[in-house]
Amino acid sequence: MKMLPQEFLDWQSKSITLLAMSGAGKTTLANKLPKAKWFHYSGDYRIGTKYLEEPILDNIKRHAMSVPFLRELLLSDSIYMNSKITVDNLAAVSSFLGKLGDPELGGLSLAEFKRRQKLHHKAEISAMNDVPEFIHKAEDIYGYKHFINDAGGSVCELDSPEVLETLAKHTLIIYIKIPPSLEQTIIERAKTDPKPLYYREAFLDEKLAEFLALRHYPSTNEMPPDEFVSWVFPELFKSRLPRYEAIAENYGYTVDANDVNTVKTEDDFIRLVADAIAGQQ
């Protein structure tokens with residue numbers, strides 16, 4: 001969605017999609033908007049509670065079945081298990097994605113890892129295609145005036161023009177660009193605390209072959225999961241930047257993460273977006 005700054009300011013029911021790498025301040029920015037006026041839609045929450053709900057629960061049960069005490073209770077229907085996913089706690093989604101590597105260290109086989117990656121890819125596409133419906137429901141059912149879509153960090157990896165066109169038709173897309181001064185901080189943070197991630201299959205195949213050759217591991221079953229995630233994150237970061245920039249150029253606008261950090265109120269946010277539109281006409 002493209003518009004003039006004044007059109008944005010006059011827009012009575014604003015609908016905005018925030019895109020950014022993890023660590024850019026996307027969710028922090030969304031949380032600056034008053035929840036009494038803005039409906040907060042989390043792509044990752046929708047994925048976990050709708051499209052991956054059953055696979056996530058199956059994964060939990062699979063682990064529980066390896067414990068004899070829990071196995072007996074599950075088989076006799078004596079206990080009930082469920083995940084507790086919230087917008088602020090998406091650990092169950094991350095644990096389902098998992099990490100590729102040595103099973104003795106909690107890693108997944110390549111086949112199982114790719115199976116889960118494909119499920120996540122499909123789920124993320126569905127979650128983003130749900131945005132127009134939720135914009136309508138937010139106002140029609142709950143009476144929210146505005147809508148903010150906190151999209152997952154891997155939206156740029158979906159290779160789905162349909163998703164981008166849907167988001168651009170129904171929302172104003174804002175990309176939070178990480179300046180060079182913050183890039184290394186985010187990379188070091190991710191390397192220190194490696195988390196499960198989604199990768200495009202072509203990217204994964206290329207970087208996995210490179211990693212195995214570099215570290216002399218005969219297969220993925222011998223490599224430490226955290227070691228691969230830490231090594232590959234800078235490569236993933238670098239590969240995603242031009243994808244985000246292309247989305248912003250074709251469908252939306254760009255704001256600087258340093259400017260995002262200065263936002264304290266809803267009015268600050270509105271002015272930030274209006275200034276971005278004015279500067280990119």
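The values are calculated or read from the model by the stated rules, or taken from the named source; none is laboratory data. If you're wondering where the values come from, they're calculated on a predicted model, not measured in any experiment. All Cβ positions, glycine included, derive from the backbone under ideal geometry; neighbour counts span all protein chains shown.
Conditions (1) of a type in the set (S, T, N, Q); (2) without any contact (Cβ under 8 Å) to a residue 12 or more places away in the chain; (3) out of contact with any Lys or Arg (no Cβ under 6 Å at 6 or more places or on another chain), marked per residue:
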position	(1), (2), (3)
A64	no, no, yes
F69	no, yes, yes
G107	no, no, no
F113	no, no, yes
E139	no, no, yes
S154	yes, no, yes
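Let me spell it out: the conditions are (1) under 21 Å from G107 (Cα atoms); (2) modelled with pLDDT of 95 or more; (3) part of a helix (DSSP H, G or I), and V163 meets all of them except one. Which number is the exception?
For V163, the exception is condition (1).
Which of the following residues is farther than 21 Å from E104 by Cα, touching a residue at least 12 places away in the same chain (Cβ under 8 Å), in a helix (DSSP H, G or I) and touching a strand residue (DSSP E or B) at 6+ places or on another chain (Cβ under 6 Å): Y244, Y175?
Selected residue: Y244, the only one of Y244, Y175 that is farther than 21 Å from E104 by Cα, touching a residue at least 12 places away in the same chain (Cβ under 8 Å), in a helix (DSSP H, G or I) and touching a strand residue (DSSP E or B) at 6+ places or on another chain (Cβ under 6 Å).
Starting from the stretch 211-236, take each residue that is without any contact (Cβ under 8 Å) to a residue 12 or more places away in the chain and within 18 Å of E201 (Cα to Cα) and list its partners that are buried (at least 17 other Cβ atoms within 10 Å of the Cβ) and hydroxyl-bearing (S, T, Y), counting only C-beta distances under 8 angstrom and pairs at least six apart or across chains.
If the second residue must be buried (at least 17 other Cβ atoms within 10 Å of the Cβ) and hydroxyl-bearing (S, T, Y), the pairs left are L212/T220.
Working only within the stretch 10-42, note down all residues that are aliphatic (A, V, I, L, M), in contact with a Ser or Thr (Cβ under 8 Å, 6 or more places away or on another chain) and more than 23 Å from P242 (Cα to Cα).
none
Just to confirm my filter: which helices (runs of 4 or more DSSP H) fall fully inside the stretch 39-132 and include at least 1 residues that are within 15 Å of the chain's Cα centre (by Cα)?
The qualifying helices (runs of 4 or more DSSP H) are 43-46, 91-97, 110-129.
Can you confirm whether the stretch 237-246 contains a residue that is polar (S, T, N, Q) and farther than 30 Å from K137 by Cβ?
yes
Which one is farthest from S239 (Cα to Cα) among residues in the stretch 208-220 that are assigned to a helix (DSSP H, G or I) and touching a Leu at 6+ places or on another chain (Cβ under 8 Å)?
Going through the qualifying residues, I end up with T220.
I'd like the residue in the stretch 2-28 that is more than 17 Å from D259 (Cα to Cα) and part of a strand (DSSP E or B) and, out of all such residues, is nearest to the chain's Cα centre (by Cα).
T17
With the structure loaded, tell me whether L204 is closer than 24 Å to S109 by Cβ and out of contact with any His (no Cβ under 7 Å at 6 or more places or on another chain) or whether it fails that test.
Against the criterion (closer than 24 Å to S109 by Cβ and out of contact with any His (no Cβ under 7 Å at 6 or more places or on another chain)), L204 qualifies.
Could you figure out which of (1) more than 21 Å from S42 (Cβ to Cβ); (2) at pLDDT 95 or above; (3) surrounded by 13 or more Cβ atoms within 10 Å (Cβ to Cβ); (4) of a type in the set (A, V, I, L, M) isn't true of L214?
Every listed condition holds for L214 apart from (3).
Pull up the stretch 208-236, narrow it to residues that are charged (D, E, K, R) and under 21 Å from M21 (Cβ atoms), then point me to the one that is farthest from the chain's Cα centre (by Cα).
D226
Would you point out which residue out of V263, V255, V273 is of a type outside the set (K, R), under 17 Å from I16 (Cα atoms), at pLDDT 95 or above and touching a Lys or Arg at 6+ places or on another chain (Cβ under 6 Å)?
Result: V263 is the single residue among V263, V255, V273 that is of a type outside the set (K, R), under 17 Å from I16 (Cα atoms), at pLDDT 95 or above and touching a Lys or Arg at 6+ places or on another chain (Cβ under 6 Å).
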